[in-house]
Amino acid sequence: MANPQTENGYIKIATELFEALCKIRISGEARQVFDLIVRKTYGWGKKEDAIALSQFQKITGIKRPNLVRAIKKLEEMNLIVIKKDNEYGNIYRINKKYKEWKPLSKKITLSKKITPVIKKDNKSLSKKIHTITNYTKDTITKDTINELPFEWQSLFNNWLDYKTDRREMYQGKKWALIAYKKLVKLSDNNLQVAEDIIEQSISSNYAGLFELKNNKSSPVKTFKQIDQDREKDVIRNFLKED
């Protein structure tokens, strides 16, 4: 039975900032990501923190493509500031200047009188037009994913999720497999590089997969390596204090 107590930890946040948060609408997954950044920074008495996508995914349970979009949304709203770091990856902090925040635009809904007219006018057209959205993820993914090596299945499924969200599903298993082979070639059969390629495409809103833009001379660190480096720094600083 849950029984949270402040003695077991609490998050210290300015009242003025919290009241500003009460006035701004943040969509579901973006709000989850924002709350986690608060937890990782203010929850530890810090202004900023390097947070790997693997940590976001583990704690929020949000799929990686959705995470990238949620982070980008928060950045567009000026709610967070992201600093690039070659050693530790992205460093996140809350933008305390809440007057700079940009609220989400309100959803526009059609009246009940207008929508039936639209449906009636488009009824004849819907039967004639065949688009890529006629191919659902399920009709392609099951057969395609099962043909891939086990260690690649989850990663490539993330890419298919992204394509589905964009309503750009591959027109058949053949084209999905071609995309997979391209990913393997671009990454030189390296899972970590392949993951970075997918994240690059999602964060940049690309329709396809492309070679990484980062400097080839500098090795790409895995999230596990980044976490290990951070742990070493914490231990090193602790020893210095003694």
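The values are calculated or read from the model by the stated rules, or taken from the named source; none is laboratory data. Because the structure is a prediction, the values reported are computed rather than measured. Please note: Cβ atoms are built from the backbone with ideal geometry, for glycine as well, and neighbour counts cover all protein chains shown.
Some points to look at:
- Among the residues making up region 161-195, those that are surrounded by fewer than 18 Cβ atoms within 10 Å (Cβ to Cβ) and of a type in the set (D, E, K, R) are Asp161, Asp165, Arg166, Arg167, Glu168, Lys173, Lys174, Lys181, Lys182, Lys185, Asp188.
- Within region 36-62, considering residues that are of a type in the set (D, E, K, R) and buried (at least 16 other Cβ atoms within 10 Å of the Cβ), the one nearest to Asn90 (Cα to Cα): Asp49
- Residues considered: Val38, Val68, Val33. Of these, the only one that is modelled with pLDDT of 95 or more, assigned to a helix (DSSP H, G or I) and within 23 Å of Asn158 (Cβ to Cβ) is Val33.
- Long-range neighbours under 6 Å by Cβ, at least six apart or interchain, first residue within 17 Å of Lys47 (Cβ to Cβ) within region 68-91, second among the hydroxyl-bearing types (Ser, Thr, Tyr) and assigned to a strand (DSSP E or B): Ile80/Tyr92; Ile82/Tyr92
- Residue check, Ile26 surrounded by 14 or more Cβ atoms within 10 Å (Cβ to Cβ), of a type outside the set (Asp, Glu) and farther than 18 Å from Asn90 by Cα: yes
- Residue within region 21-31 that is within 27 Å of Thr164 (Cβ to Cβ), under 23 Å from the mean Cα position of the chain (by Cα) and free of Cβ contacts under 8 Å to residues at least 12 places away in the same chain present: yes
- Selection count where residues are modelled with pLDDT under 65 and either exposed (fewer than 10 other Cβ atoms within 10 Å of the Cβ) or assigned by TED's automatic domain parsing to the domain that holds Asn157 (or both), scope region 224-237: 0
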